Amino acid sequence: MFYSRGCPVSRTTAPLGTSISSPATRPPNLIQFLFNGFVDVIDRLMAPLQNRLGVQRMAYIFVLPNLLIFGIFIILPMILNLSYAFTGSTELFPADRPFIGGDNFARLFECTNFLDPNTCREDVYWRAIYNSTAFVIVQVAFMVIMALISALALNRKIILRAFFRSVFFYPVLLSPVVVALIWKWILQQDGLLNAVIVSLGGTRVPFLLSADWARLWVILISVWAQMGFFTLILLAGLQAIPSELYEAASIDGASPWASFWKITLPLLTPTMTVVLVLALIRAVQVFDQVVPFTNGGPGTATTYMVQYIYNTGFTNQTREYGLAAAASVLMALILFTLTIVQLRVTRAGQNEA
Amino acid sequence: MNTIAQYLTRTKGNKRLSLTDVITYMYLTLGTIVMFGPVIWLVLSSFKTTQQLVRFPPTILPYRQESVTVEGYDTPLDLYNVTMEDGTVRQLAQVRRVGIEAQMIDPANPEEIIRVNINQRQPIESVVFSLDNYITGVEQFNFWQYLWNSIVVTALATILTLIVNSMAAFALSKYQFRGRNAIFLVTISTLMIPLSVILIPVFLVVTEIGWNNNLIGVIVPGAATPTGVFLLRQYMLTIPDELLDSARIDGASEWRIYLQIILPLARPALAVLAIFSIMWRWNDFLWPLIVLRRSELFTLQVGLNSFQGELQTQWNLILAMTVLTLLPITAVFAFLQKYITTGIATTGMK
């Protein structure tokens, strides 16, 4: 839906690759001929419209299709979501749902002790909150550190650099289902990893049946699957640091270690912050890989916030749309805060530069 | 040998490898094993038979026991290397196994039955990359249907995204009109809002339109990507306005300008967006999972998920189908690798 993996942050766009030759230099061919015919037809059909609207107002025609899809499937649902959050019953159609005020939110917050999910009415929700919090902290920290190390390694003058870069990026392309199945196969009782452990003299570990191991592996596979994306962004940030700075530093007798702390890290800070916030926003939404991997289990050990919303609204016996919508409004608030932080940070970074 | 060593150690203009270089190469090699090894393991495993898959510890390559057809027996018999009592090793075919005793025959002399202890025989195996798992998997998994659905969704969604996003980006970058800034700001502010936040109301809207259980319901809702509008607008801003003005003086209509000037010049940005869109749509899981309930409409990802849910134990088929699912995107990456990596590097961050 909201495909925002390649999140644009910069205000100016760098050239995106220039090897595609302009069509004007090519000899005319059949496709070109058909395309020209198509343009003529469109031209004829649209001429009366432009005569009536005038040149500048043609812009409305051009934004219209995008705006329609955007309005119907993004803006309207955002408004509807609030209506769901404040109404009850299991009806899907908003008109059939009675207004119940903040009851859904009250139900989510009905706890005697917020630190102990067992005392909450919606205990799964609070378990999901705590699981998500732990996941976000550990996953983001681990992934950003690994991505930074990988970017530093790939930024060195090494042979096979393009190859290594592709290899580190490759898992990013794999779908969540494929990632989950690959690792499920490796981690099962008779799997490759247990074979390695046994051959080293250990005993088999039930990785996906124990709560702690399952939590750890959900983190590890999501780092595996996403790290390449952040590595590439950090690599671009590293390559933007002028090499003269390092040369000057080495002439002044600075050790590589000192250049890293005094040049690389400070100049990489804007990129790092963006990476950090993007990673945070994505970690809050963790869902896709978990369903085929553990399906939230064992028990509720790997049930995160989106899974709670999905289960409450779509798979549980009683479809509690209102409750799910209330939970998603709360999640939207978290994401909104993170986005504001990101915009602030990006703007600060641009003012500095 | 010397030249190879020289070549390998030639870095940074120095003659020898420094310690940092050694550490870098060690890290990258380890990284390659961790990042790519699991996929290799998946592909190798997908050629194994069920018996091979449950073997512990597993073998790296897919082995298959050799068998021989012997006159008088309907099914092919498995071949073993048997150590005889006098210490010689003979190739024998197993007829049946009773407890710890195996009844074997010499394929050349099928009349005589030789009884041996099962510990004295070693299966004769050879590496075989058999396509059996793929053939059975494709039959049971309805692979072609899912593949077709995935292709339809990915192709149509990408085309639709390119059309509506480029039109909107053209308007937002090249015209002055009331509401322009408002539209742009609303678009940008929804960049970070994920589907999961508005899951239920989007489902309602799609249901009300009647697109539930319909591929159109998967294709259209995500077509107006904020990322795409932003990416294309930024690129189109770099196209000089004078080009448009001179075309207008020559009598070109706005549609002609869009189709014959803007689109060809924005090709690099369109290519990046197309690649993004293909990646997003091919791998999309949550939304198709909700919209598509009838199995003949499943995309590969949804199909694979339900397939692995049904066949908990049939790993041989699951593995083969997983390989088939990741194959197309891997092929796309192999060909467009440069565009994908530079695209992400330039749009994710300047």
Tell me, please, whether a residue that is assigned by TED's automatic domain parsing to the domain that holds B:Glu242, touching a residue at least 40 places away in the same chain (Cβ under 8 Å) and either more than 24 Å from B:Thr227 (Cβ to Cβ) or aromatic (Phe, Trp, Tyr) (or both) can be found in segment B:101-115.
no
Does at least one position in segment A:257-276 carry a residue that is buried (at least 23 other Cβ atoms within 10 Å of the Cβ), more than 13 Å from chain B (Cβ to nearest Cβ) and in contact (Cβ under 8 Å) with a residue 40 or more places away in the chain?
no
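Quick check on my filter: what residues within segment B:155-176 are among the polar types (S, T, N, Q), more than 7 Å from chain A (Cβ to nearest Cβ) and buried (at least 24 other Cβ atoms within 10 Å of the Cβ)? Before the answer, list the steps.
Let us first name the residues in segment B:155-176 that are among the polar types (S, T, N, Q), namely B:158, B:161, B:165-166, B:173, B:176.
Checking which are more than 7 Å from chain A (Cβ to nearest Cβ) leaves us with B:158, B:161, B:166, B:173.
B:Thr161, B:Ser166, listed by residue number.
Rundown of residues vs (1) under 23 Å from B:Glu296 (Cβ atoms); (2) in contact (Cβ under 8 Å) with a residue 60 or more places away in the chain; (3) within 33 Å of the chain's Cα centre (by Cα), yes/no style:
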residue: B:Glu139; (1), (2), (3): yes, no, yes
residue: B:Gln145; (1), (2), (3): yes, yes, yes
residue: B:Val153; (1), (2), (3): yes, yes, yes
residue: B:Met167; (1), (2), (3): no, yes, yes
residue: B:Ile188; (1), (2), (3): no, no, yes
residue: B:Asn213; (1), (2), (3): yes, yes, yes
residue: B:Ala224; (1), (2), (3): no, yes, yes
residue: B:Asp245; (1), (2), (3): no, no, no
I'd like to check something: does segment B:101-112 contain any residue that is surrounded by 15 or more Cβ atoms within 10 Å (Cβ to Cβ) and in a helix (DSSP H, G or I)?
no
Condition first: more than 10 Å from every other protein chain (Cβ to nearest Cβ), in contact with a Leu (Cβ under 6 Å, 6 or more places away or on another chain) and surrounded by fewer than 21 Cβ atoms within 10 Å (Cβ to Cβ). Can you find one or more residues in segment A:225-238 that meet it?
no
B:Trp211 versus (1) buried (at least 21 other Cβ atoms within 10 Å of the Cβ); (2) more than 7 Å from chain A (Cβ to nearest Cβ); (3) not in a helix (DSSP H, G or I): which is the lone unmet condition?
(1)
Yes or no: segment B:91-98 includes at least one residue that is basic (Lys, Arg), touching a helix residue (DSSP H, G or I) at 6+ places or on another chain (Cβ under 8 Å) and part of a strand (DSSP E or B).
yes
Condition test on A:Ala301, is it within 30 Å of A:Ser89 (Cα to Cα), touching a residue at least 12 places away in the same chain (Cβ under 8 Å) and either in the same structural domain as A:Trp224 (by TED's automatic domain parsing) or buried (at least 17 other Cβ atoms within 10 Å of the Cβ) (or both)?
yes
Select from segment B:247-279 the residues that are without any contact (Cβ under 8 Å) to a residue 12 or more places away in the chain and small (Gly, Ala, Ser) and list them in ascending order.
B:Gly251, B:Ala252, B:Ser253
One residue from B:Leu317, B:Leu289, B:Leu300, B:Leu327 being more than 7 Å from every other protein chain (Cβ to nearest Cβ), touching a helix residue (DSSP H, G or I) at 6+ places or on another chain (Cβ under 6 Å) and without any contact (Cβ under 8 Å) to a residue 24 or more places away in the chain
B:Leu289
Quick one: B:Ala274 ticks every box in (1) surrounded by 20 or more Cβ atoms within 10 Å (Cβ to Cβ); (2) of a type in the set (A, V, I, L, M, F, W, C); (3) in a helix (DSSP H, G or I) bar one, so which box is it?
(1)
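What are the residues in segment B:5-21 that are among the aliphatic types (A, V, I, L, M), surrounded by 11 or more Cβ atoms within 10 Å (Cβ to Cβ) and either assigned to a helix (DSSP H, G or I) or modelled with pLDDT of 90 or more (or both), if any? Show your work before the answer.
So the first thing to find is which residues in segment B:5-21 are among the aliphatic types (A, V, I, L, M), and the list is B:5, B:8, B:17, B:19.
Adding the requirement that they be surrounded by 11 or more Cβ atoms within 10 Å (Cβ to Cβ) leaves B:8, B:17.
Selection gives B:Leu8 alone.
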Under the condition of being touching a helix residue (DSSP H, G or I) at 6+ places or on another chain (Cβ under 6 Å) and polar (S, T, N, Q), which residue from segment A:159-191 is farthest from the other protein chains (Cβ to nearest Cβ)?
A:Ser166
For segment A:81-96, check the following and say yes or no: at least one residue is buried (at least 16 other Cβ atoms within 10 Å of the Cβ) and at pLDDT below 85.
yes
Looking at A:Asn118, A:Asn113 in this structure, which one is modelled with pLDDT under 90 and not in a helix (DSSP H, G or I)?
A:Asn113
Taking A:Asn104 and the conditions (1) within 9 Å of chain B (Cβ to nearest Cβ); (2) assigned to a helix (DSSP H, G or I); (3) closer than 17 Å to A:Thr318 by Cβ, which numbered condition does it fall short on, given that it satisfies the others?
(1)
When segment B:29-88 is checked residue by residue, the ones that are among the polar types (S, T, N, Q) and in a helix (DSSP H, G or I) are B:Thr29, B:Thr32, B:Ser45, B:Thr50, B:Gln51, B:Gln52
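Return the total of residues in segment B:122-137 being aliphatic (A, V, I, L, M) and within 20 Å of the chain's Cα centre (by Cα).
So the first thing to find is which residues in segment B:122-137 are aliphatic (A, V, I, L, M), and the list is B:124, B:127-128, B:131, B:135.
Adding the requirement that they be within 20 Å of the chain's Cα centre (by Cα) leaves B:131, B:135.
Final tally of qualifying residues: 2.
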B:Ala252 vs (1) more than 9 Å from chain A (Cβ to nearest Cβ); (2) farther than 19 Å from B:Phe184 by Cα; (3) surrounded by fewer than 24 Cβ atoms within 10 Å (Cβ to Cβ): all pass except (1)
All-but-one check, A:Arg156 against (1) assigned to a helix (DSSP H, G or I); (2) closer than 30 Å to A:Ile263 by Cβ; (3) in contact with a helix residue (DSSP H, G or I) (Cβ under 8 Å, 6 or more places away or on another chain), failing number (1)
Regarding segment A:285-295, can at least one residue be identified that is part of a helix (DSSP H, G or I), more than 9 Å from chain B (Cβ to nearest Cβ), in contact with a helix residue (DSSP H, G or I) (Cβ under 7 Å, 6 or more places away or on another chain) and without any contact (Cβ under 8 Å) to a residue 24 or more places away in the chain?
no
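The values are calculated or read from the model by the stated rules, or taken from the named source; none is laboratory data. No experiment lies behind these values; they were computed from the predicted model shown. Heads up, the Cβs are rebuilt from the backbone with ideal geometry, glycines too, and the neighbour counts pull from every protein chain shown.
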